[in-house]
Structure formats: structure tokens, C-alpha cells
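See structure below.
The values are calculated or read from the model by the stated rules, or taken from the named source; none is laboratory data. This structure is a prediction, so every number in the text was calculated from the model and none was measured. FYI the Cβ positions are ideal-geometry reconstructions off the backbone, even for glycines, and counts take in every protein chain you see.
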């Protein structure tokens with residue numbers, strides 16, 4: 001080796017030790033590693049899936065998971081009351097015997113709504129069953145699990161049974177009897193004088209004969225007896241309250257005695273002023289909103305103050321659903337069903353916040369601010385490869 005060649009070799013070796021050379025070697029190593037990683041990744045399988053409506057699964061799918069979208073149901077509970085008035089048998093004598101004026105003398109009925117409430121529940125939407133179909137790679141359900149946890153999708157239990165309200169029950173007030181009409185007998189003995197004709201030697205003579213007969217008391221007389229008893233009860237209560245009755249029997253409970261006297265007077269007064277009864281019934285109505293972006297109105301039952309539940313002349317009890325404005329915009333922007341040949345997208349529905357109100361004859365009975373799934377919009381989320 002000549003001297004010139006040796007000098008050149010020495011110079012190259014010296015250059016290899018400079019910082020610039022070290023950086024060049026490092027860059028070359030990075031490029032080589034990147035190329036190797038790219039080659040390896042090109043050989044790896046990519047996870048690929050597609051979501052379809054149930055029953056339209058591709059034949060090349062290697063695995064699938066069925067899920068459904070939830071829907072919101074509404075439950076309206078309305079409590080009705082029926083008021084019945086039955087006049088007393090002595091109503092015609094209330095003013096004359098007891099000085100009570102304005103007594104009703106005819107039977108009457110009236111109806112009213114005394115309470116109402118709204119609630120929501122979630123169940124499976126039978127028109128939105130989907131299948132997540134795996135085409136390549138490994139089935140991963142992380143995002144589906146997340147959506148299920150958030151209540152955006154349902155897996156497993158797809159059915160729910162609902163219980164409906166009972167019909168109106170009757171207490172049999174039509175057969176009500178006023179039993180405590182009097183403490184006296186319903187009959188009385190009356191003397192009658194009749195004349196018996198006696199034949200004498202010279203003429204015919206009428207001789208008076210007295211007889212007794214049992215007769216039913218008139219309604220007026222029985223009313224007078226009941227009125228007298230009411231006055232006696234009031235008198236006894238006054239003497240007890242004033243402490244005039246002395247001495248009282250042993251172990252006598254004044255409060256109990258006065259309470260019993262009040263009840264007894266109330267029963268006897270009802271013979272003059274009548275009795276009122278009320279019966280309540282609660283009905284439940286289950287509504288599945290259509291999911292329109294426009295207000296929805298559902299007529300639940302006709303009702304009137306004179307005819308009660310189901311009266312033809314009554315105004316309907318109405319459920320009014322007013323959705324927000326988000327769903328309308330999303331529905332215009334996004335497809336509302338899974339797209340064909342669009343992969344790695346998970347579909348679920350974002351509920352719409354709605355105002356739900358219950359009305360009858362222009363009066364608001366109940367209100368609820370609730371998210372309704374079917375009033376919302378179907379959205380899709382792209383699932384990137386991990």
C-alpha cells in the first residue's frame with residue numbers, strides 16, 4: 001500500500017468519528033426500522049366489520065353480535081273521583097221539624113279528576129334490531145359495551161311486559177239503605193169508634209163500640225220521632241259537656257261518649273239532609289311515541305263532569321309531546337339507517353329532550369321533561385383500528 005492510499009483511508013476513518021457521521025448512521029437506522037415495521041403491518045390482518053339490519057347479514061361474516069336500540073315509553077296515571085248524593089227519606093220535613101233549609105231532594109252524580117302523574121320507561125324498539133358483522137380480524141365489542149352501559153343500545157333481554165290499569169269499580173251505592181230511621185216501632189195502635197145497630201122492641205138504636213187496630217206510622221210521624229231524637233242527643237251532649245250530669249258512672253270516658261253522640265246525630269241527620277259518597281278509580285295509559293320531530297297529540301280517554309269516564313259528550317284527556325330542535329338537524333345531516341359498504345361504524349340513537357304535558361279541557365294536569373329515544377336521531381361512530 002502506497003503512502004497516498006494510506007492517507008486517504010486514515011482520513012475516512014477520522015471522518016466516521018465526527019458528529020455528522022453519527023447522525024447519518026442514526027437516520028439510516030430509523031429508516032430501516034420504519035421499513036421493517038411497515039412491512040410487518042402490511043402482513044397483519046385489519047379488523048373490519050359492518051353493521052346491518054337484522055336479517056341482512058353478509059354471507060362472508062365470520063362472527064356477529066345482535067343488538068337493538070331502546071325506545072322510550074310514557075305512562076300516564078289519572079285518578080278519577082265519582083261523587084254520589086242520595087237524598088234522605090225525611091228531606092221534605094227538614095225545614096219544618098229541624099229548621100234546616102236548602103236540603104237537596106233529588107239524587108245526583110258528579111265526576112272530577114283529582115290527581116294525575118307522568119312517568120317514563122325504556123324498552124326495546126322492535127323496528128331497530130341490528131347485527132354487528134365481523135368480516136376480518138378479531139371481534140372487539142369495547143365500544144358496543146360502552147354504548148350499552150350508557151343505555152344507547154340493548155343486548156340480551158328484548159321483551160318487557162306491561163300492566164294496564166283496572167276498570168272502574170262500584171261500591172253498590174244504588175242499593176244503599178237508610179237503616180236507622182227511628183228508635184220507635186214502625187207501627188202503632190189506634191182506637192176506632194164504630195157504631196153497632198141494636199134492634200129493640202120499638203126501634204133501631206146505634207150503640208158506639210171502641211176497637212183498636214195496628215197501623216203503620218206515616219212518614220211524617222216517623223220524621224217527627226227522628227227529629228225529637230236528634231234534639232234529645234243534642235241535649236244530652238250539652239249536659240255532658242257542661243258537667244251538669246253528676247255523678248258520672250265509674251270509668252266513664254267523656255271523650256268517647258261525646259264522640260259516639262256525634263256519630264249518632266250524624267246518622268240521624270242524614271235521614272233529613274241525605275248522604276254523599278265518593279269512589280275513586282285510577283287508570284293507567286301506556287303510550288309509545290311515534291318519534292316525530294313535530295308535536296304529537298294522543299287522546300287517552302273522554303271525560304266529563306256529568307258523564308264521567310268514556311262519556312261521548314266529554315272532552316278528551318290528551319297527552320301532548322313537544323320535541324326539541326336537535327333531532328331535526330341531525331336527521332338532515334346523517335343517514336337514518338346503516339349504510340351499505342360502509343365499514344367500521346357503530347350505529348346508535350341520541351335521544352331528544354322533550355316536553356310532555358297532560359291536558360283536559362285546556363287545564364294542565366301533569367308535566368314531564370324527559371329524553372325520548374325515538375324522537376332523537378340515528379348517529380354513527382367510526383371505530384378506528386387500535
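Observations
The rows are residues; the columns are (1) under 34 Å from the mean Cα position of the chain (by Cα); (2) more than 30 Å from residue 346 (Cβ to Cβ).
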{"position": "62", "(1), (2)": "no, no"}
{"position": "69", "(1), (2)": "yes, no"}
{"position": "113", "(1), (2)": "yes, yes"}
{"position": "120", "(1), (2)": "yes, no"}
{"position": "124", "(1), (2)": "yes, no"}
{"position": "129", "(1), (2)": "yes, no"}
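- Considering residues of segment 93-104 that are outside any loop (DSSP other than H, G, I, E, B) and without any contact (Cβ under 8 Å) to a residue 40 or more places away in the chain only, the residue farthest from residue 152 (Cα to Cα): 96
- Checking each residue in segment 90-126 for being modelled with pLDDT of 90 or more and within 30 Å of residue 352 (Cβ to Cβ) picks out 113, 115, 116, 117, 118, 119, 120, 121, 122, 123, 124, 125.
- Selection status of residue 188, out of contact with any helix residue (DSSP H, G or I) (no Cβ under 6 Å at 6 or more places or on another chain) and either closer than 30 Å to residue 232 by Cα or modelled with pLDDT under 90 (or both): yes
- Matching residues in segment 285-312 - criterion: being surrounded by fewer than 16 Cβ atoms within 10 Å (Cβ to Cβ), touching a residue at least 60 places away in the same chain (Cβ under 8 Å) and assigned to a strand (DSSP E or B): 286
- Of note, residue 228 satisfies the criterion of being in contact with a helix residue (DSSP H, G or I) (Cβ under 9 Å, 6 or more places away or on another chain) and part of a helix (DSSP H, G or I).
Here is a yes/no grid of residues against (1) under 30 Å from residue 74 (Cα atoms); (2) out of contact with any strand residue (DSSP E or B) (no Cβ under 8 Å at 6 or more places or on another chain); (3) not in a strand (DSSP E or B):
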position: 106; (1), (2), (3): no, yes, yes
position: 119; (1), (2), (3): yes, no, no
position: 125; (1), (2), (3): yes, no, no
position: 129; (1), (2), (3): yes, no, no
position: 146; (1), (2), (3): yes, yes, yes
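- Selection status of residue 133, in a strand (DSSP E or B) and over 30 Å from residue 340 (Cβ atoms): no
- Within segment 228-257, being more than 16 Å from residue 97 (Cβ to Cβ), under 50 Å from the mean Cα position of the chain (by Cα) and either modelled with pLDDT of 90 or more or exposed (fewer than 14 other Cβ atoms within 10 Å of the Cβ) (or both) holds for 241, 253, 254, 255, 256.
- Counted residues, segment 68-89 - those being touching a helix residue (DSSP H, G or I) at 6+ places or on another chain (Cβ under 8 Å) and either at pLDDT 95 or above or closer than 19 Å to residue 282 by Cα (or both): 1
- Residue tally, condition surrounded by fewer than 13 Cβ atoms within 10 Å (Cβ to Cβ) and touching a helix residue (DSSP H, G or I) at 6+ places or on another chain (Cβ under 9 Å), over segment 258-275: 1
- Residue list for segment 62-88, filter: crowded, with 17+ Cβ neighbours inside 10 Å and assigned to a loop (DSSP other than H, G, I, E, B): 87, 88
- Within segment 363-386, tally of residues that are more than 24 Å from residue 290 (Cβ to Cβ) and surrounded by fewer than 17 Cβ atoms within 10 Å (Cβ to Cβ): 6
- Count of segment 328-386 residues which are at pLDDT below 90, assigned to a strand (DSSP E or B) and in contact with a helix residue (DSSP H, G or I) (Cβ under 9 Å, 6 or more places away or on another chain): 1
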